[in-house]
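The values are calculated or read from the model by the stated rules, or taken from the named source; none is laboratory data. Note that the coordinates shown come from a computational prediction; the quantities given were computed from them, not determined experimentally. FYI the Cβ positions are ideal-geometry reconstructions off the backbone, even for glycines, and counts take in every protein chain you see. For accessibility, only protein heavy atoms count, side chains too; no ligands or nucleic acids. Shrake-Rupley method; radii C 1.70, N 1.55, O 1.52, S 1.80 Å.
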Amino acid sequence: MASWSLLRALRRFIPQVSREAARGAGGIGRSYRRGCSNGTGCKPRTSRLEEVTQCKTNHFDAVIVGGGHNGLVAAAYLARAGMKPLVLEQRDVLGGAAVSEEIVPGYVFSRASYLYSLFHPDIVRDLELETKYGLTLYPRDPSSFSPLLDGSGYLLFSRDVRETQRSIASFSERDALMYPKYEHKLERIMEGLVKPLMERSPVQLSRMSWSDMRFVARMVLACWKHRSDLPDALQLLLAPAEKVLRQYFESEPLLSTLATDALIGTMTAPSQPGSGYVLLHHVAGESKGVKGAWSYVRGGMGALSNAIAFSAQAHGATLVTGAAVQEICFDDHSGMALGVRLQDGSEIRTERVISNADAKTTFLKLCAGASASRAGVFSSEFLDRIRALDFRSPVLKINAALNAVPEFRATASSNLNGKERRATIHLGCSSLEELNHAFHEASTKNAQPSTWPMIEMTIPSELDDSLAPPGHAVAGLFVQFAPYDADWDSPGFKEAYCNHIFSIVDQYAPGFSDSIVGYEALSPRDLERTFGLHGGNIFHGSMSLDQVYSFRPVLEASAYTTPAKRLYLCGSSSHPGGGVSGMPGKFCAERVLAERRM
Ligand SMILES: Cc1cc2nc3c(=O)[nH]c(=O)nc-3n(C[C@H](O)[C@H](O)[C@H](O)COP(=O)(O)OP(=O)(O)OC[C@H]3O[C@@H](n4cnc5c(N)ncnc54)[C@H](O)[C@@H]3O)c2cc1C
C-alpha cells in the first residue's frame, strides 16, 4: 500500500520528467524519423526564423500567423495558386491542436484533437494528402461503446445499423426501432439544410454580393424542398438536446450516449436550450466516404498536419517554427496590415497578414500594440464585441501511456474480443441526469470540476501500431466539465483530480490506474498556455447559435475579412468553426485569392 502511494506521488512528476527526457534524448525527432520509414510520422523540415529574416531578398505575398492545420491549409491553397506564403508558428512543432507528440518516451499521442471526420474530402483531394503526402486513416468499427458501471451490460454502436439496433434492444425494443428514424432525420436535416451552409463561406450580411444573394435564393428553395423537416430543424436549433432526444428514446444509456454529441467541448448541459443542434455532430463528418464515421489518423493527428505541411511546402510555402508573433503592424494612414513584429524584435513586411490564432488572441493581443492604435482600425465597439465572445472551456485532456490494454468488466463475458476498445468509450454518462449534474456542479460560482464527470476515452493504439510498443497502449481521456477557473495551478490540485478520474476508470476497467506508465493532463489553462487557445476553448470560441455562420466570430469580421484591410482570419474562430475541418483555411485562401484578382 505504502509503495502504491509512493508510486502515485512519483507519477505527479512523470510528465515533466518524460517531456524533458523526450526532448533531451531527441525522442520526438527520433520517432518521426522512425515513422518516415513507413510513411506516417514524417515531419516536414521547417526553416529557422533567422534564415527568413536575415535574407533581404525574401519576399512573401502573405504571412500566416500560426501553423495550426487551418493555417497550413490556407498556405497550401495559396501556394498552389502561385503565391509565396510564409507560416510563422510559435511552437516548435506544426499543427496547433492537430498535433502528435511523444509525451512519454516511446509513446506518441494525438496530444489535443484525436478523431478525424470533419476534415473536408475536397481538401484531401486538392492537396493530395492521401495519394502523395502519406495521410492514412483507420476507420473505426464499432464507433461508440458505453459500458454500464455495474458491469451488467453495454451499448455498442457499429457500422451495421442492425447490430447497433440489437445492442439498443437490450435496453429498449422501442428505442431500437426508433434509432434509424432518428439517424435519418438528422441526416436529412444535415444534408438538405445545414451542409449547404457549411460548405460555402458565409453570406456577408453587411455587404451582400450577387453570389451571396443567389445563395440565399438557393437556401430559400432548399427550405421549401425540405419543408417537412423544417419544424424539426428549428426545434434542433432552439431546443435543449434532452427535449429533442426524449421525443425519440426512453432508455437512459442511449439518451446519454447520444447527448454527449451535443456537449463535446461546450460548456452546456443536455437541459440547456440551444444544445440540440450540436446533436448534428453525430452525422456531421465523413471518413473514407462513410457518412458520420470518425477515424484515427495513422501516426496521430499530427500526421494530418504534416501531410498538409508537406503539400504546402512542395508548392513553395515557407514554414517556420519557434517564431512567435508579438504584434501585427498596420500602416498609420491607410490602416492596412503591413506585416508582423516577432517576439525577438525582428519585423517581416508583406502584402497581407492572415491570422490562424483565435479571434480574441488576434484582436485583443496581436492587434493591441501601438501600431494598431495609431492606425485606429478597430473601433471600441468592435473590440467590446470581441471581448464579449464566449470562450468558456469545460475540457481537461489526459494523455496516458499504458503498459497494458484496459479490460472492461462489462464485456468480460462477451465475444467482442476487445474490439470495443477501438470505439469512443463513454464513461460517467449512464443517464441524462448525470450529465446535467456534472454540468451544474462545474458551472457554479466556485468553479469546481465535476465530481462524476463525462469522460470520453479513446485508445488509438488499438488500430495504429505506430503509437506504442507492442502490448502497450496510449489512451486519451477527454473529461468534462473542468472549468478554466478551477484551482488548476495550485500544487497537487490537478494531480488529485486526475487520480480521481483514474479511479473512476478503474471502476469500469479494473487495473487501469496500475497500467499507467506516465501521463500528462492538460487543463483549460494548460490548453491556453500550450496551444495558444484563448480560455482553453477547443473550438476558438463556443459554437453557440449566436457565434456561428455570419456571426462568427462577429459580424464585422465574418467571411475571413476584418475591419483592417489586408488582415484576414483563417482559424476556427471563422465559419464553419472549430474541429479539424480545414474549411476556415480553405475559405480564407479563396477569399484572399478572389480579392487579389479584383
Ligand atoms: C483537447 C482537444 C481535443 C479536440 N478533439 C477534436 C477531435 O477529436 N476532432 C476534431 O475534429 N476536433 C477536435 N478538437 C478541435 C480542433 O482540434 C480545433 O478546433 C482545431 O484543431 C483548431 O485548428 P486551427 O488551425 O483553427 O487552430 P489551432 O490548431 O489552434 O492553431 C493555431 C496556431 O496558431 C499558433 N499561434 C497562436 N498565436 C501565435 C503567435 N502569436 N505567433 C505564432 N503562432 C501563433 C498556435 O500555436 C497554433 O499552432 C479538439 C481540440 C482540443 C484542444
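Carbon and sulfur together cover what percent of the accessible area of region 36-175 at a 1.4 Å probe radius? Mind showing how you got there, number by number?
Values: 2620 of 5350 Å².
In region 36-175, the share of accessible area belonging to carbon and sulfur is 49 percent.
If R₀ is 60 angstrom, what is the calculated FRET efficiency for the pair D487 and A314, using the beta carbon separation as r and rounding to 0.05?
On the way: r = 47 Å, r/R0 = 0.78.
FRET efficiency, D487 to A314: 0.80.
Label separation (L364 vs R529): 1.9 nm, computed from points 7 Å beyond Cα along the C-beta direction.
Would you be so kind as to identify all helices of the chain, as entire DSSP H runs, whose Cα atoms reach 18 Å or more along the helix's own axis and whose mean Kyte-Doolittle hydropathy is at least 0.0?
Numbers: long enough: 173-189 (25 Å, -1.32); 210-225 (22 Å, 0.37); 301-314 (20 Å, 0.93); 493-508 (24 Å, -0.09); 583-597 (21 Å, -0.51).
Helices meeting the span and hydropathy rule in the chain are 210-225, 301-314.
The residue among Y182, A324, Q480 whose Cα reaches farthest toward the positive pole of the charge dipole of the chain, with charges on the beta-carbon of Lys, Arg, Asp and Glu, is A324. When only the Cβ of Lys, Arg, Asp and Glu is charged (+1, +1, -1, -1), the dipole of region 524-598 relative to its Cα centre reaches about 320 debye.
Here the chain carries DSSP beta bridges of which approximately 70% are antiparallel, counting only pairs with both residues inside.
Loop-resident trypsin sites (Lys or Arg not before Pro) (DSSP state other than H, G, I, E or B) in region 62-137 with no more than 13 further Cβ atoms inside 10 Å of their Cβ: K132. One chain, two ends: S346 and T444. Fully extended at 0.36 nm per residue, the span grows by 30.8 nm beyond their Cα-Cα distance.
Per-residue SASA remark: F493, around 50 Å² accessible (1.4 Å probe; ligands, DNA and RNA not included).
Extension gain for R387-D126 works out to 90.3 nm (0.36 nm per residue, less the C-alpha to C-alpha distance). Using just its DSSP H runs of length 4 or more, each adding -39500 (n - 2.57), the chain gives a mean residue ellipticity at 222 nm of -10500 deg cm²/dmol after division by all residues. Largest to smallest in accessible area, the residues M336, M457 fall in the order M336, M457 (1.4 Å probe, all protein chains included).
Centre-to-centre, using Cα atoms only, region 131-189 and region 364-416 are separated by 28 Å. Once the Cβ-Cβ distance of S209 and R188 is raised to the sixth power relative to R0 = 51 Å, the FRET efficiency obtained is 0.95.
Relative to the Cα centre, what is the charge dipole magnitude of region 300-372, using +1 at the beta carbon of each Lys and Arg, -1 at the beta carbon of each Asp and Glu, and rounding to the nearest 20 debye?
Working: 5 positive and 7 negative charges, 37 e Å.
Result for region 300-372 is approximately 180 debye, rounded to the nearest 20.
Between V124, G535, G192, the Cα set farthest toward the positive side of the dipole of the chain (charges on each charged residue's Cβ, about the Cα centre) is that of V124.
Around the Cα centre of region 51-129, unit charges on the Cβ atoms of Lys, Arg, Asp and Glu (plus for the first two, minus for the last two) sum to a dipole of about 140 debye. With the charge dipole of region 233-308 set up from +1 on Lys and Arg Cβ and -1 on Asp and Glu Cβ about the Cα centre, the Cα lying farthest toward the positive end among the listed residues L234, L280, T268 is that of L280. Rolling a 1.4 Å probe over the heavy atoms of the protein chains gives region 439-598 an accessible area of 33 Å² per residue. Computed as a quarter of the hull surface, the mean projected area of the alpha carbon convex hull for the chain stands at 26.6 nm².
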